[in-house]
Amino acid sequence: GGVKALLAKTTEDASSYGGILGVLADLIKVEKGYEEAVSTLLGDDAQVMITATDSDIIKSISYLKDGRLGKASFISLETLARTERISGTNISAQDISPIKNFVTIDERFAGVLDHFFTDSYLAGSLEEGIKVFNICRRGV
């Protein structure tokens with residue numbers, strides 16, 4: 001599909017498509033044992049193409065459309081730098097951990113990590129997760 005076509009194009013024409021930095025799933029490192037939780041959280045977003053600028057996205061979409069090569073989803077570091085991500089919740093409970101604690105990424109992609117993982121938590125058990133969810137929902 002579109003993701004494979006773009007990755008091939010970046011290899012073939014790095015000078016024109018060097019702003020395509022990679023696929024989210026390829027840019028993150030997940031601590032052993034947490035791969036399924038991260039995969040479940042990301043879903044289709046695991047295949048999001050990360051670009052340097054918004055113009056890289058426009059160029060990539062044009063390439064895909066003109067060649068009828070499929071679809072892809074994008075986010076640029078430029079957009080993430082402009083967007084202030086405000087954490088909605090700071091949960092502190094014994095068996096609850098920010099899932100972000102189990103994922104690493106190169107420092108230049110820190111905004112990507114924040115965008116996809118802030119406010120996402122991993123519970124030690126279903127019961128603990130439901131308990132914390134109910135507490136947060138009530139605002140207690």
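The values are calculated or read from the model by the stated rules, or taken from the named source; none is laboratory data. Being a predicted model, the structure only gives us computed values, none of them experimental. In this analysis, Cβ positions are derived from the backbone assuming ideal geometry, glycine residues included, and neighbour counts consider all displayed protein chains. Heavy atoms of the whole protein, side chains included, go into the accessibility calculation; ligands, DNA and RNA do not. Shrake-Rupley method; radii C 1.70, N 1.55, O 1.52, S 1.80 Å.
For the chain, the share of accessible area belonging to carbon and sulfur comes to 50 percent (1.4 Å probe, ligands and nucleic acids excluded).
Quantify how much of the Cα-Cα distance distribution of the stretch 1-84 extends past 16 Å, in percent. Write down the numbers at each step before the final one.
Details: 1861 of 3486 pairs.
In whole percent, the share of Cα-Cα pairs in the stretch 1-84 beyond 16 Å is 53.
Here the chain was treated as a single set of alpha-carbon atoms; its pair distances binned every 5 Å from 0 give 2, 9, 17, 18, 17, 13, 10, 6, 5, 3, 1 percent. Take every DSSP beta bridge whose two residues both sit in the chain; close to 75 percent of them are antiparallel. Note on ARG82 and ASN101: their simple-model spin labels are 3.5 nm apart, each label 7 Å out from Cα toward Cβ. Under 21 Å of direct C-alpha separation, and excluding same-chain neighbours fewer than eight residues apart, LYS100 reaches these lysines: LYS29, LYS32, LYS131.
Close amide H pairs (under 5 Å, H built 1.01 Å from N) link THR51 with LEU21, ILE75, SER76, LEU77, residues at least 5 positions away or on another chain.
Determine the calculated [θ] at 222 nm for the chain from helices alone, applying -39500 (n - 2.57) to every DSSP H run no shorter than 4 residues and normalising by the residue count; nearest 500 deg cm²/dmol. The helix-only estimate for the chain comes to -13500 deg cm²/dmol at 222 nm. Once the Cα atoms are used to define both axes, helix 54-67 deviates from the longest principal axis of the chain by about 60 degrees. Model label points for LYS32 and SER125, set 7 angstrom from Cα along the Cα-to-Cβ axis, are 2.7 nm apart. Heavy-atom accessible area with a 1.4 Å probe sorts PHE116, PHE133, PHE109, largest first, into PHE133, PHE116, PHE109. Along the axis of the charge dipole computed for the stretch 7-139 (Cβ charges of +1 for Lys and Arg, -1 for Asp and Glu, origin at the Cα centre), the listed residues SER125, ALA52, THR79 are led at the positive end by THR79.
Using Cβ point charges alone (K and R +1, D and E -1), the dipole size of the stretch 1-126 about the Cα centre works out to roughly 320 debye. Against the chain, whose longest principal axis comes from its Cα atoms, helix 2-12 is set at around 50 degrees.
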